[in-house]
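J.: Just dropping this structure here.
What follows is calculated from the coordinates using simple rules that are stated; it is not laboratory data. It should be emphasised that the depicted structure is a prediction, and the values quoted were computed from it without experimental measurement. Note that each Cβ is placed from the backbone with ideal geometry, even for glycine, and that neighbours are counted across all protein chains shown.
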Amino acid sequence: MNALTSGLNVREPGEVHRTDVAVIGAGPVGLFAIFELGLLDLKCHLIDILDRPGGQCTELYPEKPIYDIPGLPVVTGQELTDRLLEQSRPFGAAYHLQQMAAGLERTPEGIWRVTTDLGTVVEAKVVVIAAGGGSFVPKKPPIPGIEAFEGSSVFYSVRRMDEFRGKRLLIAGGGDSALDWTLNLAPIASEIALVHHRDGFRAAPDSVNKMKALVAEDRLKLHIAKIKRLNGEGGQLSSVTLEAKDTGEFDVPCDRLLAFYGLTMKLGPIAEFGLNLHENLVPVDTEKFESSTPGLFAIGDINWYPGKLKLILSGFHEAALMAQAAKRIVHPDQRVIFQYTTSSTSLQKKLGVA
Amino acid sequence: MEQLPRPVPIVVTDMQGNVHEIEGADGWRAMEAIRDNGLPIKAECGGACACATCHVYVDPDWLSRLPARSEEEEERLGDAFEVEENSRLSCQILLTPELEGLKLTLAPGSEP
């Protein structure tokens, strides 16, 4: 739990849950789906690989203005996410964060089982894929032969700091992740160096100042250079060859490389969910935004239909129509009455305003 | 009557070395012209200078005719690989009539 998820119903991984609707992706469209489903009394659980809701809005452009959200002439990615969280709050959705939806199967009783890479299971009658461009995963530098070192000497994130204790460590990057981990690991690494392609850093100024202080104290080596080669055998790194503009190539002895080049979106296991993908998108109808498999819906940037526009506002509309269809699947016996939030006391009670 | 934006043809080499003469227009971003013409470019943030997946190399003859990188673009290039002196993010290149014939090459990290 952190400041970014305070007040949210975030669950610990590894448990089995049963709900009405499992939503894969907690971007703006997944968040609005909570609201539309909630108005129809459908409960949902959201799964997202990031450590907070918002998807691309908070990961890629939290500070950037968006000008085409109806009724909000200008709103940043973070503000829009905050508004959507506020709007969906009455419905108390459960969140499974920092997890990737890894498997999808159907039980003999016709219930969907979504499994995550951390062993969480969400069982639901309806699955909604609102995964945008896919899962955010670390960008891997195109250094020849890097795969042989991944997981043993080359890492793209820090799971346990102890893995770096007493090691000769090289960190690559100039953003907050690179600088934060440089500062955190400097006290426990036996040697530590930072490599960045330019003498300018995107990270918070305070972190940059602290990093420079470590350099001045000779506790950190800073290389303004590019990574050329990894040297070592059997997955064990012995040095990394860097190339600087003025001095040319040189070797930095090290046991571990931590590379932070930002995140990129990869479709990942969804590709194996049997969705008849069309150029990595899920074809859906435009009445319910249901895939070719009944009970499996796709909304937002991940779906495709004739005339599709990848706009947040399209995803909102898709969420509303999906919710009507989901209601008929979850409660086939209940009659759905079309109502407006302006006038319906029943809807207003659900929203906690009547 | 509203005037149509003036066409700005540019020349883009893909990562396989194939050369494409494509139509852009005054006011478009180079990335938008590349994407709109169906060339393979990831450009996953959609032009917000937030991802570095529209990385291109600018033909050396054209480099001095482009406005310099902004500080934001400079920083974001830190997320790209194989960054050279002539590296740019194509979402930050605004096409103008003066850039007719601009030559770009898709660079590592831009592949979808």
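J.: What is the sum of charges, Lys and Arg at +1 and Asp and Glu at -1, for the other residues whose Cβ falls under 15 Å from the Cβ of A:Glu163? Don't skip to the answer; put the middle values down first.
T.: Values: positive: A:Arg159, A:Arg160, A:Arg165, A:Lys167, A:Arg168, A:Arg256; negative: A:Glu150, A:Asp162, A:Asp255.
Summing Lys/Arg as +1 and Asp/Glu as -1 gives +3.
J.: Have a look at the range A:154-301 and give its Rg and Dmax from the Cα atoms, expressed in angstrom.
T.: Here Rg and the maximum Cα pair distance are 21.1, 65 Å.
J.: Here is a further query. Percent relative contact order of chain A, based on C-alpha pairs within less than 8 angstrom and at least six residues apart? Before the final figure, lay out the partial values.
T.: Numbers: 708 pairs, mean separation 66.6, N = 354.
Once normalised by length, the contact order is 19 percent.
J.: Given the pairs A:Lys139/B:Lys103; A:Lys64/A:Lys327; A:Lys310/A:Lys349, which are separated by over 30 angstrom at their Cα positions? Before the final figure, lay out each step's value.
T.: On the way: A:Lys139/B:Lys103 27 Å; A:Lys64/A:Lys327 35 Å; A:Lys310/A:Lys349 33 Å.
Among A:Lys139/B:Lys103; A:Lys64/A:Lys327; A:Lys310/A:Lys349, the Cα-Cα distance tops 30 Å for A:Lys64/A:Lys327; A:Lys310/A:Lys349.
J.: Write down the Kirkwood hydrodynamic radius of the range A:215-354, to one decimal in angstroms, obtained as one divided by the mean of 1/r over all alpha carbon pairs. Walk me through the intermediate numbers first.
T.: Numbers: mean 1/r = 0.0481 Å⁻¹.
Evaluated over the range A:215-354, this radius sits at 20.8 Å.
J.: About the Cα centre of the range A:251-354, what is the dipole size in debye to 20, counting +1 per Lys and Arg Cβ and -1 per Asp and Glu Cβ, all else neutral?
T.: Values: 10 positive and 10 negative charges, 121 e Å.
Around 580 debye, computed over the range A:251-354.
J.: Considering every pair of different Cα atoms, what Kirkwood radius, in Å, is found for the range A:256-335?
T.: On the way: mean 1/r = 0.0701 Å⁻¹.
Kirkwood radius, the range A:256-335: 14.3 Å.
J.: How big is the dipole moment of the range A:1-103 about its Cα centre under a simple scheme where the beta carbon of each Lys and Arg is +1, that of each Asp and Glu is -1, and everything else is neutral? Debye, nearest 20, please.
T.: Numbers: 7 positive and 13 negative charges, 25 e Å.
Roughly 120 debye, rounded to the nearest 20.
J.: Hey, which lysines would be in cross-link range of A:Lys140, C-alpha to C-alpha under 16 Å, not counting anything within fewer than 8 residues on its own chain?
T.: Here the lysines satisfying the reach criterion relative to A:Lys140 are A:Lys226, A:Lys228, A:Lys266, B:Lys42.
J.: Give the aspartates and glutamates whose C-alpha is closer than 12 Å to that of A:Lys210, dropping any in the same chain fewer than 8 places away, or say none.
T.: Qualifying aspartates and glutamates at Cα under 12 Å: A:Asp180.
J.: At a Cα cut-off below 15 Å, give the aspartates and glutamates reachable from A:Lys43, other chains included and same-chain residues fewer than 8 away excluded.
T.: Within the straight-line limit of under 15 Å, A:Lys43 reaches these aspartates and glutamates: A:Asp20, A:Glu123.
J.: Separate question: Taking the Cα atoms of the range A:82-216, report the difference between the largest and smallest coordinate on each principal axis, in whole Å and largest first.
T.: 64, 40, 27
J.: Then there is this: Among B:Arg6, A:Arg113, B:Arg88, rank each residue by its count of other Cβ atoms within 10 Å, from fewest to most, as a rough exposure measure. List each step's numbers first, then the result.
T.: Working: B:Arg6 13, A:Arg113 17, B:Arg88 25.
Result, fewest neighbours first: B:Arg6, A:Arg113, B:Arg88.
J.: Which semi-axes, in whole Å and largest first, does the equivalent ellipsoid of chain A have when worked out from the alpha carbon gyration tensor as the square roots of 5 times its eigenvalues? Numbers along the way, then the final one.
T.: Values: eigenvalues 387, 94, 66 Å².
Working through the eigenvalues yields semi-axes of 44, 22, 18 Å.
J.: Let me ask another. So, with +1 on the Cβ of K and R and -1 on the Cβ of D and E, and no other charges, what is the size of the charge dipole of the protein assembly as shown about its Cα centre, to the nearest 20 debye?
T.: Numbers: 46 positive and 64 negative charges, 258 e Å.
Magnitude of the dipole: close to 1240 debye.
J.: Can you list residues from other chains, or at least 5 along the same chain, whose modelled amide H is less than 5 Å from the amide H of A:Leu263?
T.: A:Lys139
J.: On the Cα set of the range B:7-106, report Rg and Dmax in Å, please.
T.: When restricted to the Cα atoms of the range B:7-106, Rg and Dmax are 12.0, 32 Å.
J.: Excluding A:Lys212 itself, what net charge comes from residues whose Cβ is under 13 Å from its Cβ, given Lys and Arg +1 and Asp and Glu -1? Show your work: numbers first, answer last.
T.: Values: positive: A:Lys210, A:Arg219, A:Lys221; negative: A:Asp199, A:Asp206, A:Glu217, A:Asp218.
Within the 13 Å Cβ shell, the charges total -1.
J.: Taking the Cβ of each residue in B:Tyr57, A:Tyr340, A:Tyr305 as the centre, tally the other Cβ atoms inside 10 Å and list the residues starting with the fewest. Provide the component values of the computation, followed by the final result.
T.: Values: B:Tyr57 20, A:Tyr340 7, A:Tyr305 16.
With the fewest neighbours first, B:Tyr57, A:Tyr340, A:Tyr305 line up as A:Tyr340, A:Tyr305, B:Tyr57.
J.: Taking +1 at the Cβ of each Lys and Arg and -1 at the Cβ of each Asp and Glu, which of A:Ala216, A:Leu275, A:Ala193 sits farthest along the dipole of the protein assembly as shown towards its positive end, judged by Cα position relative to the Cα centre?
T.: Working it through, the farthest residue towards the positive pole turns out to be A:Leu275.
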